[in-house]
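Novice: Please read through the structure below; I'll follow up with questions.
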Amino acid sequence: MNKFIFQTKINFKRIVFRNKAFFFFDMLLPIVFYILYTKILVSNVPASYLKAWNEDYLVSMMIYACMLGGIITTANTLLEDEMSNFKLFVTLSPLSNFQYYGSMAIVLITLNLVSSIALTAVAMIVNHVNISIGLLFELISINLLGTILLILIGVLISFAKKPNTVNLLTNLIVFPLAILSGLWWPINIMPTWLQNIGKVMPTYQLSVIDKNILHQTTQHIGPFINLLIWSLIIFLILFIVNKIQKEKGLVTQ
Amino acid sequence: MTILEIQHINKSFGKKIILKDINLQIESSSIIALVGANGAGKTTLINIILNLIPQTSGQVKFLTNENWKQITGVMMQDNIVLHRITVKEIINLTRSYFDKPLSYEELLNISGLKDHQNNLMTGLSGGQKRRLAFALALAGDPEILFLDEPTVGMDSNARNDFWQEIDRLKKSGKTIFVTSHYLEELENIADRFLILQNSIIAFDGTIKQLRSREGQSLVEFDSELNQIDFKNLPDVISINLVGHHFQIITNNVNQLVTELTPYLKAIDNLQVKQSTLDTLLLNYKENNHE
């Protein structure tokens, strides 16, 4: 247990406290987008529609923040560990993979938690969005569960092991996924075929669950099953890629 | 006492055979040097022992009741350089991994980085990173230590201190498994040599046994003559020629010097030495087994 706590402490220092660029990138970018799309780029919108838009966009940016932390920060941190030989060092030490990845997940989940709270605070102050503590707790809990799936995607990208490839993959996945899932602008302004693709994406389904929580409407089992299936698929791909790389002597996991 | 057993290890990448039926027993309190040409499979063998890559067949057994990682220390070829973390933090983090770690002060002394303990790892020089890597390998007070090219990047003083520390560790009962391209360093310290060649352990024994098998003495000189002039002398075991510098391995140095008498006018800087691991390995590759 001692080693897990120590590892987590060190991870906080190197990933968050001494890496301000990541911290501000993960936290500030969604806040900037939120203000931009709810305050600056909207005009002549009926007040009733604007209220719902401000609430829904808060959910979208919460999920977007989870994507930045879960996918980009995870992939980059694991790549950094690979390049600095820390991953090999850990593999040869008594620290288990579960403890290594677990301690990193705690940091990233905390980062997303702080990010979600900061976003909500901005939404309350800037747009007077009204969310009870209970609803906020539910939203954050669900998003943190979703973050685990996003972290798995980040881990998978880090297997590319080359900085250029990892950067390319994160850009190719995060931004199209955000657009397709309707996180930046409403999904119904896109062509139907694109909407159909977007609605299969886990981040869209996560936003459906979040919006149901926010508007206190009935939850359906579909989005949860979608997230479960995506998690299983990503986990399976991770397992296979890891096995292939280990056979080739390329892996330190 | 045997601490590690390697049984019938085979490793192939596709059709290429890297290791063929490797069998070893590693005894405690000894220094074992694994040597061989580049690409001979040394790193592959170490990686298999450390479970970094799977073997095609065979078994590696650490004969301990504990988790083998608790009794093993590893210093790999490439240094660990964790970003945004200080020397003090990485030492304490590594200590936290082990059940019975050495004290922080002891590891700091081994690393020789007392004045740099609050510096970031990324700011250390190559030699300092190497010494830190060595201290981290010792963090768990390991019974068996794997050192892959440990002195690369160290200056001569640091290398000297390093081998003295290795000798001290051996005397305290540790087992050290080492690979290095600085063969003259291994020659003075290792108890047992394993020569990996053509996918097999081609030699397993002491430097004394290797000398008695491959030639005790080395006769060196400079000459404009051709290799062929000396090749047929009865006491020549092998000749290595670099430019005009001859190195001849022999088991009968007095007789060889007598045989060289007719050529003395064409020979400069004649020297007789005990054969080195370097020349023995060269001889081994050329004559015996390739």
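Novice: Being charged (D, E, K, R) and closer than 22 Å to A:Leu214 by Cα is true for just one of A:Lys20, A:Lys3, A:Lys51. Which residue is that? Steps first, please.
Specialist: Details: A:Lys20 fails: closer than 22 Å to A:Leu214 by Cα; A:Lys3 fails: closer than 22 Å to A:Leu214 by Cα.
Unique residue meeting the criteria: A:Lys51.
Novice: Failed condition for A:Asn76, given (1) within 14 Å of another protein chain (Cβ to nearest Cβ); (2) in a loop (DSSP other than H, G, I, E, B), with all others met?
Specialist: For A:Asn76, the failing item is (2).
Novice: Yes or no: B:Asp21 acidic (Asp, Glu) and more than 9 Å from every other protein chain (Cβ to nearest Cβ)?
Specialist: Answer is yes for this residue.
Novice: Which strands (runs of 3 or more DSSP E) does the range B:180-290 wholly contain that include 3 or more residues that are in contact with a Leu (Cβ under 9 Å, 6 or more places away or on another chain) and within 30 Å of B:Ile6 (Cα to Cα)?
Specialist: Strands (runs of 3 or more DSSP E) meeting the threshold: B:192-197, B:200-205.
Novice: Is it the case that some residue within the range B:42-51 is closer than 23 Å to B:Ile207 by Cα, β-branched (Val, Ile, Thr), away from every other protein chain (no Cβ under 14 Å) and crowded, with 18+ Cβ neighbours inside 10 Å?
Specialist: No, because not a single residue in the range B:42-51 is closer than 23 Å to B:Ile207 by Cα, β-branched (Val, Ile, Thr), away from every other protein chain (no Cβ under 14 Å) and crowded, with 18+ Cβ neighbours inside 10 Å.
Novice: Anything in the range A:195-215 that is closer than 24 Å to A:Thr120 by Cβ and without any contact (Cβ under 8 Å) to a residue 60 or more places away in the chain? List them, or say none.
Specialist: If the condition is that a residue be closer than 24 Å to A:Thr120 by Cβ and without any contact (Cβ under 8 Å) to a residue 60 or more places away in the chain, then A:Met201, A:Pro202, A:Tyr204, A:Gln205, A:Val208, A:Asn212 are the ones that fit.
Novice: Being aliphatic (A, V, I, L, M), within 14 Å of chain B (Cβ to nearest Cβ) and assigned to a helix (DSSP H, G or I) is the filter; apply it to the range A:1-59 and report the residue that is surrounded by the most Cβ atoms within 10 Å (Cβ to Cβ).
Specialist: Here the residue is A:Ile15.
Novice: Pull up the range B:215-269, narrow it to residues that are acidic (Asp, Glu) and at pLDDT below 85, then point me to the one that is nearest to B:Thr279 (Cα to Cα). Before the answer, list the steps.
Specialist: First, pick out the residues of the range B:215-269 that are acidic (Asp, Glu): B:220, B:222, B:224, B:229, B:235, B:259, B:268.
From what is left, the residues that are at pLDDT below 85 are B:229, B:235.
Details: B:Asp229: 20, B:Asp235: 16 Å.
Across the range B:215-269, the extreme among qualifying residues is B:Asp235.
Novice: Step by step: first the residues of the range B:52-61, then only those that are more than 14 Å from B:Ile26 (Cβ to Cβ) and buried (at least 16 other Cβ atoms within 10 Å of the Cβ), then the one that is nearest to the other protein chains (Cβ to nearest Cβ). Which residue is that?
Specialist: Per the stated criteria, the residue is B:Ile53.
Novice: B:Ile176: of a type in the set (Val, Ile, Thr), surrounded by fewer than 20 Cβ atoms within 10 Å (Cβ to Cβ) and either touching a residue at least 12 places away in the same chain (Cβ under 8 Å) or within 15 Å of B:Ala137 (Cα to Cα) (or both), yes or no? Please lay out each step first, then the result.
Specialist: On the way: of a type in the set (Val, Ile, Thr): yes; surrounded by fewer than 20 Cβ atoms within 10 Å (Cβ to Cβ): no; either touching a residue at least 12 places away in the same chain (Cβ under 8 Å) or within 15 Å of B:Ala137 (Cα to Cα) (or both): yes.
So B:Ile176 does not fit the description; no.
Novice: Follow-up. Take B:Leu107 and tell me if it is buried (at least 19 other Cβ atoms within 10 Å of the Cβ), more than 9 Å from chain A (Cβ to nearest Cβ) and in contact (Cβ under 8 Å) with a residue 40 or more places away in the chain.
Specialist: When the stated conditions are applied, B:Leu107 does not pass them.
Novice: Out of the range B:71-81, which residues are surrounded by fewer than 19 Cβ atoms within 10 Å (Cβ to Cβ) and either more than 12 Å from chain A (Cβ to nearest Cβ) or not acidic (Asp, Glu) (or both)?
Specialist: Narrowing the range B:71-81 to residues surrounded by fewer than 19 Cβ atoms within 10 Å (Cβ to Cβ): B:77-78.
Passing the criteria: only B:Gln77.
Novice: Is the range A:80-100 home to any residue that is closer than 19 Å to A:Phe23 by Cα and within 11 Å of another protein chain (Cβ to nearest Cβ)? Spell out how you get there, then give the answer.
Specialist: Just the residues of the range A:80-100 that are closer than 19 Å to A:Phe23 by Cα, to begin with: A:80-81.
Imposing the further condition that a residue be within 11 Å of another protein chain (Cβ to nearest Cβ) reduces the set to A:80-81.
Scanning the range A:80-100 turns up at least one residue that is closer than 19 Å to A:Phe23 by Cα and within 11 Å of another protein chain (Cβ to nearest Cβ).
Novice: Mind counting the residues in the range B:123-139 that are loosely packed, with under 13 Cβ neighbours inside 10 Å and either within 24 Å of A:Leu95 (Cβ to Cβ) or touching a Gly at 6+ places or on another chain (Cβ under 6 Å) (or both)?
Specialist: Residues meeting the conditions: 1.
Novice: Taking the range B:123-168 on its own, how many of its residues are charged (D, E, K, R) and away from chain A (no Cβ under 14 Å)? Step through it out loud before you land on a result.
Specialist: Step one: list which residues in the range B:123-168 are charged (D, E, K, R), which gives B:129-131, B:141, B:143, B:148-149, B:155, B:159, B:161, B:165, B:167-168.
From the residues that got through so far, the ones that are away from chain A (no Cβ under 14 Å) too are B:131, B:155, B:159, B:161, B:165, B:167-168.
Going through the range B:123-168 one residue at a time, the tally reaches 7.
Novice: Working only within the range A:83-138, note down all residues that are under 26 Å from A:Leu152 (Cβ atoms) and outside any helix (DSSP H, G or I).
Specialist: Scanning the range A:83-138 gives A:Ser84, A:Asn85, A:Leu92, A:Ser93, A:Pro94, A:Leu95, A:Ser96.
Novice: Still on this structure, I have one more. Of all strands (runs of 3 or more DSSP E) completely enclosed by the range B:1-101, which ones contain at least 1 residues that are of a type in the set (Phe, Trp, Tyr)? Walk me through it before giving the result.
Specialist: Working: elements: B:2-13, B:16-27, B:31-35, B:57-62, B:72-75.
The qualifying strands (runs of 3 or more DSSP E) are B:2-13, B:57-62.
Novice: Which of the numbered conditions does A:Leu169 fail, given that it passes all the others? Conditions: (1) of a type outside the set (Asp, Glu); (2) within 14 Å of another protein chain (Cβ to nearest Cβ); (3) in a helix (DSSP H, G or I).
Specialist: Just one mismatch for A:Leu169, condition (2).
Novice: Could you please give the count of residues in the range B:87-104 that are of a type outside the set (A, V, I, L, M, F, W, C) and more than 9 Å from every other protein chain (Cβ to nearest Cβ)?
Specialist: Result for the range B:87-104: 5.
Novice: Something else about it: Considering each of A:Leu119, A:Leu156, A:Leu113 in turn, give the residue that is over 30 Å from A:Val241 (Cβ atoms), surrounded by 15 or more Cβ atoms within 10 Å (Cβ to Cβ) and of a type outside the set (Ser, Thr, Tyr).
Specialist: On the way: A:Leu156 fails: over 30 Å from A:Val241 (Cβ atoms); A:Leu113 fails: over 30 Å from A:Val241 (Cβ atoms).
Checking each option against the conditions leaves just A:Leu119.
The values are calculated or read from the model by the stated rules, or taken from the named source; none is laboratory data. Because the structure is a prediction, the values reported are computed rather than measured. Backbone-built Cβ (ideal geometry, glycine too); neighbour counts: all protein chains shown.
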